[in-house]
1. How many residues are over 13 Å from the mean Cα position of the chain (by Cα) and surrounded by 20 or more Cβ atoms within 10 Å (Cβ to Cβ) when one looks only at segment 68-83?
2. Out of everything in segment 198-223 that is within 28 Å of residue 87 (Cα to Cα) and not small (Gly, Ala, Ser), what residue ends up being surrounded by the most Cβ atoms within 10 Å (Cβ to Cβ)?
3. Show me the helices (runs of 4 or more DSSP H) found entirely inside segment 125-223 where at least 2 residues are over 24 Å from residue 91 (Cβ atoms).
4. Would you pick out the residues in segment 66-91 that are closer than 12 Å to residue 54 by Cβ and aliphatic (A, V, I, L, M)?
5. Restricting to segment 12-59, what's the tally of residues that are under 14 Å from residue 98 (Cα atoms), touching a residue at least 40 places away in the same chain (Cβ under 8 Å), polar (S, T, N, Q) and loosely packed, with under 12 Cβ neighbours inside 10 Å?
6. Which residue out of 50, 40 is in contact with a Pro (Cβ under 7 Å, 6 or more places away or on another chain) and small (Gly, Ala, Ser)?
7. Which one is modelled with the lowest pLDDT among residues in segment 13-64 that are in a loop (DSSP other than H, G, I, E, B), under 25 Å from residue 180 (Cβ atoms) and within 18 Å of the chain's Cα centre (by Cα)?
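The values are calculated or read from the model by the stated rules, or taken from the named source; none is laboratory data. None of the values given here were measured: they were computed from a predicted structure. Here the Cβ positions follow ideal geometry from the backbone for every residue, glycine too, while neighbour counts run over all protein chains shown.
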Amino acid sequence: MREIAFCADLSSDEIKRLASVRCHAELPAAFTVFREGDVADHVYSISGGAVKLYKLLSDGRRQIIGFLFSGDLFGLGLDGGYAYTAETLTQTQLCRFTHRKLDSLRGEIPMLERRLFTMTVKDLVAAHDQMLLLGRKTAREKVASFLDTLSRRAVERGLAASPVDLPMSRADIADYLGLTIETVSRTFTQLKRDGIIGLPASGHVVLQDTKRLKETAEGGPTG
């Protein structure tokens, strides 16, 4: 159970106590785990696969607010309801905990409380970063930032920085970055033409020049 991020730094006995209150689920791709507004009675941790989180705007448009991978936690409800919809991107393995049982363990395991707090802060930082992506960056900067972030998150999970796996569709990326599908595809092609990335196969991006990718993400020179 060490693959669950909030188990980091817990003792073996504490991990066993946490494992005793979890349920394991194996879900297919494109499965809705819960919908925005549903009663928030469970918290989920990803042990394998990927999940996208999104909200539907009043005019029917979709805004993706995050992509989650192994070790990520989601489902901490607000005022009793989920603030977003969660849907699997690939076949995904989840650990599910009821809010009631997890809350009871928080008081018994101080390190668990600290881990959950740390992960909540990381979510706030990610939300701030997405606001910057949507508000001030060009399309080229947005796509470069997106790839750089996915690469860094892969390293945090113990994976290689490149190639970057993209389990989400171009439409998903567009809805996350606030762009059109055509703009996303065109920007990928431009970055490939400039020798910054390679596109050997669908769902994978090779980072050929990480220095220029980071410079592009930050709006600096790429020559």
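1. Matching residues across segment 68-83 total 1.
2. 205
3. By residue number, 139-156, 181-193, 210-217.
4. Passing the criteria: 68, 83, 86, 89.
5. Going through segment 12-59 one residue at a time, the tally reaches 0.
6. 50
7. 36
Let's see how each residue does on (1) touching a Cys at 6+ places or on another chain (Cβ under 9 Å); (2) within 30 Å of residue 48 (Cα to Cα); (3) modelled with pLDDT of 95 or more:
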| site | (1), (2), (3) |
| --- | --- |
| 135 | no, no, no |
| 143 | no, yes, yes |
| 150 | no, yes, yes |
| 157 | no, yes, no |
| 169 | no, yes, yes |
| 184 | no, yes, yes |
| 207 | no, yes, yes |
| 219 | no, no, no |
| 223 | no, no, no |
